[in-house]
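Q: Below is the structure I would like to discuss, written out as structure tokens.
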Amino acid sequence: MNAPDDPSGSSCYRQVFAEAPAVSTTALSRVDILGGHTDYNQGFVLAAPMPLTTSVELSFKENLGDATGNHIEIEGYSTLTGDKAVHRIPARSDSASRHRRGDWIDYVVGAVRELQSAGADVSSFRLAASGNVPTGAGLASSASFSVALLRGLGKLFEHSLEGESLAKTAQRIERIHVGVNCGIMDPLILVDGTVGNALFIDTLTLAREAIAIDPDYRLEVIDCGERRRLADVGYNLRRDECQRAAQTLGVNSLRELDGDEPDLKDLPPPLDRRVRHVLSENLRVIEARNALKSGNYAALGRLMHASHLSLRDDYEVSVPALDRLVEDCLTAGALGARLAGAGFGGCVVALIESAQRDIWRRRIATMNTRACVFDSC
């Protein structure tokens, strides 16, 4: 999401509504280092916040069209669309997804409903959303928007959420109100992580450990140029496949298989490949945490590349543009590289030595003209 040009430095909200916002909040983005598709299987993840941000600005709005107070009117602008939208919803609703529109307003309505469920008294409001987190790139743009929304609406209507409660509420927005059956990793990283540190998460217990990233190394994030929308691709299908595999193996989640060696011959394809990826990825995350803590960045790089191969071959969420970009990153001198986020397009994350950053970036620009390198951590 890119904000409109603003030479004066004023806010997006001020440009759109010609007044100052009452509340302004932000949320970071994230890149996952290891742990592709393990979070919704109650596994382990290792990720880091990125300095790309989403901003949400809000103010109260007089609902001129409904003096009875039976509706909430949302007047908003998002740089995702470049258009203003006015959307009216019942003041109260017991149906989370009945009026799903399929666009960014669903996140806003979801945030309203979740805050109401938590006891907030929400009335009509205006909002403007902007930022520099690219959508569909695997950098948690939707979670960033959800977290910024909840923070802003919580401040506006004096019902703030914090910590795990904020992360779980942001997850519910995507799962219930938008239709993406996502895990907890993204919002928890955005709520609890700090730039310059990786965060290890056990998504079963939500135990977390911050690990400093040596400044002699960098995580570079590169866009392959292909976009995806998770609700329209295979994300929910992959989750369903994991659930079916778990049921076949007689467990509640694939996490219960940690330490075991299930006979994958009992599973039909592609369920056997999905389980193989999840189990091997969990082991890689543990090894990556240990490598990061001991300063063994060469080992970390090898684990990242192994993760990509598993995501490509066993989980089948890569695309040719991502595969090519991973190989280009390695050829240019990266210690390791893998697809970022859920796959199906978007970005690659590469581990490089900080001293080689400028040379490495020039090589990538020469080798892959579609690639776009973002600010990294």
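The values are calculated or read from the model by the stated rules, or taken from the named source; none is laboratory data. Note that the coordinates shown come from a computational prediction; the quantities given were computed from them, not determined experimentally. Every residue, glycine as well, gets a Cβ built from its backbone with ideal geometry; the counts of neighbours run over all protein chains shown. Accessible surface is based on the protein model in full, side chains and every heavy atom, while ligands, DNA and RNA are left aside. Shrake-Rupley method; radii C 1.70, N 1.55, O 1.52, S 1.80 Å.
Q: In the range 323-377, carbon and sulfur make up what percent of the accessible area (probe 1.4 Å)?
A: Working: 1050 of 2240 Å².
That fraction is 47 percent.
Q: Quick one: divide the alpha-carbon radius of gyration of the chain by 2.2 N^0.38 Å and tell me what you get. Working shown, then result.
A: Working: Rg = 21.1 Å, N = 377, 2.2 N^0.38 = 21.0 Å.
Scaled against compact globular proteins, the figure is 1.01.
Q: Can you give the charge dipole size of the chain about its Cα centre, rounded to the nearest 20 debye, using +1 on the beta carbon of Lys and Arg and -1 on the beta carbon of Asp and Glu? Don't jump to the answer; show the numbers that get you there.
A: Values: 41 positive and 50 negative charges, 86 e Å.
For the chain, the charge dipole is close to 420 debye.
Q: Consider all pairwise Cα distances in the range 155-205 and report the whole-number % of them above 18 Å. Before the final figure, lay out each step's value.
A: Working: 481 of 1275 pairs.
Counting every Cα pair in the range 155-205, those more than 18 Å apart make up 38 percent.
Q: Among T169, G76, H277, which residue has its Cα furthest toward the positive end of the charge dipole of the chain, with +1 on Lys/Arg Cβ and -1 on Asp/Glu Cβ?
A: The Cα lying farthest towards the positive end belongs to G76.
Q: Show me 215-223, 289-297, 28-36, 53-61 ranked by packing, highest mean number of other Cβ atoms within 10 Å first. Present the calculation step by step, with values, prior to reporting the outcome.
A: Values: 215-223: 19.6, 289-297: 16.4, 28-36: 26.8, 53-61: 22.0.
Result, highest mean Cβ count within 10 Å first: 28-36, 53-61, 215-223, 289-297.
Q: Expected output is a single nm value to one decimal: the length gained when fully extending between A20 and N197, i.e. 0.36 nm times separation in residues minus the C-alpha distance. What is it? Can you show the working numbers first?
A: Numbers: separation 177, 0.36 × 177 = 63.72 nm, distance 3.45 nm.
Gain on stretching A20 to N197: 60.3 nm.
Q: Still on this structure, please answer the following. Among L52, V251, A291, which residue has its Cα furthest toward the positive end of the charge dipole of the chain, with +1 on Lys/Arg Cβ and -1 on Asp/Glu Cβ?
A: Farthest towards the positive end: L52.
Q: Work from the charge dipole of the chain (Cβ charges, +1 for Lys and Arg, -1 for Asp and Glu, about the Cα centre) and give the residue of L335, I105, G119 farthest towards its positive end.
A: I105
Q: Size of the dipole of the range 236-311 about the Cα centre, Lys and Arg at +1 and Asp and Glu at -1 on the beta carbon, nothing else charged, in debye to 20? Display every interim value, and only then the final one.
A: Values: 12 positive and 11 negative charges, 77 e Å.
Computed about the Cα centre, the dipole is about 360 debye.
Q: How high is the FRET efficiency from T366 to E209, r the C-beta distance, R0 41 Å, rounded to 0.05?
A: 0.60
Q: Once you list every other residue whose beta carbon is under 10 Å from the beta carbon of L309, what net charge do they have if Lys and Arg are +1 and Asp and Glu are -1? Write down the numbers at each step before the final one.
A: Details: positive: R312, R338; negative: D313, D314, D323.
Within the 10 Å Cβ shell, the charges total -1.
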